[in-house]
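Every read-out reported here was derived from the displayed coordinates using simple, explicitly stated rules and does not represent laboratory data. What you are looking at is a predicted structure, and each value in this text was computed from that prediction instead of being measured. Glycine gets a Cβ as well: all are built from the backbone with ideal geometry, and neighbour counts include every protein chain shown.
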Amino acid sequence: MSPDTATIVYSYFFVAAALLGGLALIAKHTISKHTEELKDKLSRIEYALYNDGKTGLINKVEELLENQQQIKIDVEVMKAKAEL
């Protein structure tokens, strides 16, 4: 290769590397932005589920299950009293 050809090859290589580096930075920023939005949404969902251990959705579902069991017991007691 002549010195001029080598210079041209290296120049194109470094220009291409700089462009790819710039694209990589843009992609990293974009992915970071979307990931941050997803993290925020996930933290809100987790808060709604667990909250402070008293008013979260999971606690409310457990309460409903307990109430359902109590209602079943009450219905059985009423049936037994009706049969007497």
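I need every pair where a residue in the range 59-77 that is part of a helix (DSSP H, G or I) has its Cβ under 9 Å from the Cβ of a residue that is surrounded by fewer than 10 Cβ atoms within 10 Å (Cβ to Cβ) and of a type outside the set (D, E, K, R), sequence separation at least 6 or different chains.
ASN59/GLY53
For the condition surrounded by 10 or more Cβ atoms within 10 Å (Cβ to Cβ), assigned to a loop (DSSP other than H, G, I, E, B) and out of contact with any Ser or Thr (no Cβ under 9 Å at 6 or more places or on another chain), what is the one hit in THR55, THR7? Spell out the reasoning first.
On the way: THR7 fails: assigned to a loop (DSSP other than H, G, I, E, B).
Checking each option against the conditions leaves just THR55.
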